[in-house]
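Have a look at the structure below before the remarks.
The values are calculated or read from the model by the stated rules, or taken from the named source; none is laboratory data. Values in this document were obtained by computation on a predicted structure and should not be read as measured data. Note that we place each Cβ from the backbone using ideal geometry, even for glycine, and neighbour counts take in every protein chain shown.
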Amino acid sequence: MPASIVLGAQWGDEGKGKLVDRLAGEVSWVVRFQGGNNAGHTVVLGDRVIKLHLLPSGITRKECNLVLGDGMVIDPWVLRQELDNWLQQTGEDPSQSRLFISERAHIILPYHRMLDSLDEKIGTTGRGIGPTYADKINRIGLRFGDLSEVIGDVDWAETVAQRMNSDLSAAGAEGRIEAAQLAQEVAWIHDTFGQTVANTGVMLDNALKLGENVLLEGAQGCLLDIDQGTYPFVTSSVTSRGNATHGAGIHPGHIEQVIGIVKAYTTRVGAGPMPSELFDSDGDHMTDVGHEFGTTTGRRRRCGWLDLVVLRHANRVNGFTSMAMTKLDVLGGIDPLKICVGYRLDGKEIHEMPASSAALARCEPILIEMPGFPPEPLEVWLDLAKKADEEGLGYSALPSAAQAYIRHVENLLGVPITSVGIGPDRDATIERAD
Ligand code: IMP
């Protein structure tokens, strides 16, 4: 059962890309199974910063195959741009060799972007994600595997453009879709990616049968899950373990480990409740030191204390076999540190998340205090990680207050934290030694 899953345990932006990039050295396949270019993963390799929205983070390992899986919604123009950027940086075009797009993945068209740009309530990324999933659920979406069926079909283009225009006008959008333009776009997508489209579920199943390792890379996080998140302030896909194999086209029995990625504090972009949110200098410290600005939209992320109610919820839904904590270094200089261990809702203490976002918005965090540890420059944290690795020191290389913070979270959740990130570089990570 050599498949593993990496998932965000909060509201996304936990630093999944960095871990996937590290783990990709041990696997033959990295697979995205949901979402689209609403995701933003940053991979730092020395002085090169690589921002990815669609391409799986395993792209940095040349021997790794990359799959955009069944459950995704894909903007072909963004994908072409991302591939061109990669080609410029490295001289390689993975779409000619090791990138495979599922024939079941849905296509984001300009119409979907136009509709999404009207959102004023959720604070979406505006990339057309929700409208594309809506078409999928309404069974009127366009999938990569169906492209060849509609190319050159004038009636199809006319009918679809007509429907799109009636939706756009009902929604109050200004733009309109021309049938001829739509037909040209569909032909371009087919010309550009036709060779890259494959039955990726079968490819992955065969690879697993041959004993190859597969990594399923989640996007967003548990609290943005359409079913399990802070509805309606969520994304439009199931971001959790239950959808990882399904969205990749393989069965759940293949899964060996499920790693939850937990940022050492909490962040959120877009609208919606966040009980442990900070509006003071500690929150500003997290934003500034942690460079908490969205990879996709550049928006300032809201920051707050680590929220154990959120993590307990994410662990119940996903059954993490281990967790990786990211960005612990960012907390250096905040003293005392606080952790949210429960909420007070309408005068009552609760320890589980209410389903209603209105109720969650009324929740006051119940905080415990822990001693802080001093700030250090990035080079000091990186040296500390290297020393810990060379001498097998594990977490004992960290300041004692940082060790206590990690232990406390582990104890409260009952899940081991097997690695801790202390800087953006691939090597700025300490593995648990005991
Ligand atoms: P959508 O996914 O663009 O529809 O946006 C829905 C909500 O999910 C908004 O609050 C977005 O800010 C949030 N969101 C979507 N993708 C990400 C992500 O990768 N990280 C953090 N938030 C995200």
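Observations
- Residue match in the range 416-431 (condition: buried (at least 17 other Cβ atoms within 10 Å of the Cβ) and in a helix (DSSP H, G or I)): no
- Scope the range 380-428; condition more than 16 Å from Arg22 (Cα to Cα) and among the polar types (S, T, N, Q); matching residues: Ser396, Ser400, Gln403, Asn411
- Residue match in the range 340-350 (condition: touching a Lys or Arg at 6+ places or on another chain (Cβ under 7 Å) and either at pLDDT 95 or above or among the small types (Gly, Ala, Ser) (or both)): yes
- Breaking point among (1) within 16 Å of the ligand (Cβ to nearest atom); (2) surrounded by fewer than 22 Cβ atoms within 10 Å (Cβ to Cβ), for Thr266: (2)
- Tyr405 being closer than 17 Å to Leu311 by Cα, assigned by TED's automatic domain parsing to the domain that holds Ser322, hydroxyl-bearing (Ser, Thr, Tyr) and within 27 Å of the chain's Cα centre (by Cα): yes
- Failed criterion for Met353 (all others in (1) within 18 Å of Val262 (Cβ to Cβ); (2) in contact with a Phe, Trp or Tyr (Cβ under 6 Å, 6 or more places away or on another chain) hold): (2)
- Filtering Val330, Val309, Val317 for residues that are in contact with a strand residue (DSSP E or B) (Cβ under 7 Å, 6 or more places away or on another chain) and either surrounded by 20 or more Cβ atoms within 10 Å (Cβ to Cβ) or closer than 20 Å to Leu224 by Cα (or both) leaves a single hit, Val309.
- Residue in the range 40-50 that is buried (at least 24 other Cβ atoms within 10 Å of the Cβ) and assigned by TED's automatic domain parsing to the domain that holds Arg301 present: yes
- Qualifying positions in the range 362-398 - aliphatic (A, V, I, L, M) and in a helix (DSSP H, G or I): Leu378, Val380, Leu382, Leu384, Ala385, Ala388, Ala397
- Here Ala402 does not fit the description of being more than 20 Å from Met286 (Cα to Cα), crowded, with 19+ Cβ neighbours inside 10 Å and out of contact with any Pro (no Cβ under 8 Å at 6 or more places or on another chain).
- Test: residue in the range 378-385 that is surrounded by fewer than 17 Cβ atoms within 10 Å (Cβ to Cβ) and farther than 23 Å from His285 by Cβ: no
- Count of the range 269-316 residues which are of a type in the set (S, T, N, Q), away from the ligand (no atom under 16 Å from the Cβ) and under 17 Å from the mean Cα position of the chain (by Cα): 1
- Elements of the type strands (runs of 3 or more DSSP E) sitting completely within the range 1-102 and holding at least 1 residues that are within 16 Å of the ligand (Cβ to nearest atom) and under 17 Å from Leu204 (Cβ atoms): these cover 3-8, 29-32, 65-68.
- Qualifying residue in the range 371-385 (condition: touching a residue at least 60 places away in the same chain (Cβ under 8 Å) and either assigned by TED's automatic domain parsing to the domain that holds His291 or of a type in the set (Ser, Thr, Tyr) (or both)): yes
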